[in-house]
Amino acid sequence: MKIVSLATLICCFGLISEAKGQKEYPPHIDGAKEVTYKTVDTTKLNLWIFNPEKHKSTDTAPAIIFFFGGGWNAGSPTQFVKHCEYLSARGMVAIVADYRVKSRHGVPAKDCVSDAKSAIRWVRENASEFGIDSNRIAAGGGSAGGHLAAACATLPRFDDENENKSISSKPNALVLFNPALVLAPIDGGEKLSNEKLAGLEKRMGTKPENMSPYHNVVGKLPPTIIFHGTGDNTVPFMSIELFTKRMHDFDNKCTLVAYQGEPHGFFNYGNKSNAVFVDTVHKMDEFLISLSYLTAPPETVVSAN
């Protein structure tokens, strides 16, 4: 397989497209229960929880936690609200998570990973209070948020040192939208200059391979589905093919759903006619049915309006 240039493969050099048109922060999200999962100094990090109709604390529903995109620099927790509304209507507890980013909190990307792991650990620790099955907690996200979800499953480091490590921060399944999964050079690929590597390490706050899901793939990782456009110039499609192959090399379940010619952020609600949003949501639904997180196909088509 031809290895794509690492200068383009390492997406953090320009991974900011989903940060455009920033929405109000902190957001107000209707229809969700807002809770604080972590406080760092004076910064409160919140989750917005969408419950199924008539959901009770005594239930054991599967859950999913979404992380927004924005290059670990910006972005809004509102990005996956429509996904949460849909999945809660289907019977899952669906959650959007806030986390620290560079523009608002001055943190390197490794702190974003720490927060994402904290969010999953908090949900698992409090699962019985919120009617959640602690063994069926999926993670999802787009772009840098997709990286965070995958990082929680693959990276052995960056758990918050103040938290109870006996409670796992690893998700049980992954739903990834144009995720950043290759963040360091690959054997046989183009070598990066010392200057670029130093800049990347500063941005990550650690050696790039420590933050790269591709470089930390092992066996028995969560079942994964990835939605990605072949026309993505921010996170090259080749990088997702490489990650998928590596997952298969370790006998992990990983399904890549390609969208011909689609650019970065193609899946977002409100993009053009919403036809691709609807298609990705339906395929996400089918994936979750295959894992028994959902029990039956939706009776009506997802609205594009």
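Filtered by the rule that a residue be touching a helix residue (DSSP H, G or I) at 6+ places or on another chain (Cβ under 7 Å) and either buried (at least 24 other Cβ atoms within 10 Å of the Cβ) or closer than 15 Å to TRP48 by Cα (or both), the stretch 107-116 gives ALA109, CYS112, VAL113, ALA116. Among the numbered conditions (1) over 16 Å from the mean Cα position of the chain (by Cα); (2) at pLDDT below 95; (3) crowded, with 18+ Cβ neighbours inside 10 Å; (4) part of a loop (DSSP other than H, G, I, E, B), the only one that ASN233 does not meet is (3).
Exactly one residue out of ARG104, ARG100 is outside any strand (DSSP E or B), touching a Cys at 6+ places or on another chain (Cβ under 9 Å), surrounded by fewer than 24 Cβ atoms within 10 Å (Cβ to Cβ) and of a type outside the set (Ser, Thr, Tyr), and it is ARG100.
Of all the residues in the stretch 228-241, those that are within 14 Å of GLY261 (Cβ to Cβ) and hydrophobic (A, V, I, L, M, F, W, C) number 1. Scanning for something crowded, with 23+ Cβ neighbours inside 10 Å, out of contact with any Ser or Thr (no Cβ under 8 Å at 6 or more places or on another chain), assigned to a helix (DSSP H, G or I) and at pLDDT 95 or above, does the stretch 69-78 turn up at least one residue? Scanning the stretch 69-78, I find at least one residue that is crowded, with 23+ Cβ neighbours inside 10 Å, out of contact with any Ser or Thr (no Cβ under 8 Å at 6 or more places or on another chain), assigned to a helix (DSSP H, G or I) and at pLDDT 95 or above, so the answer is yes. Considering ALA184, ALA180, ALA151, the condition of being under 24 Å from SER292 (Cα atoms) and in contact with a helix residue (DSSP H, G or I) (Cβ under 9 Å, 6 or more places away or on another chain) is satisfied by ALA151 alone. For the structure I just gave you, tell me whether LEU174 is closer than 15 Å to PHE243 by Cβ, more than 10 Å from the chain's Cα centre (by Cα) and either buried (at least 24 other Cβ atoms within 10 Å of the Cβ) or aliphatic (A, V, I, L, M) (or both). Answer is no for this residue.
The values are calculated or read from the model by the stated rules, or taken from the named source; none is laboratory data. Worth saying up front: this structure is predicted, and the values here are computed from it rather than measured. So basically every Cβ, Gly included, is an ideal-geometry build from the backbone, and we count neighbours across all protein chains shown.
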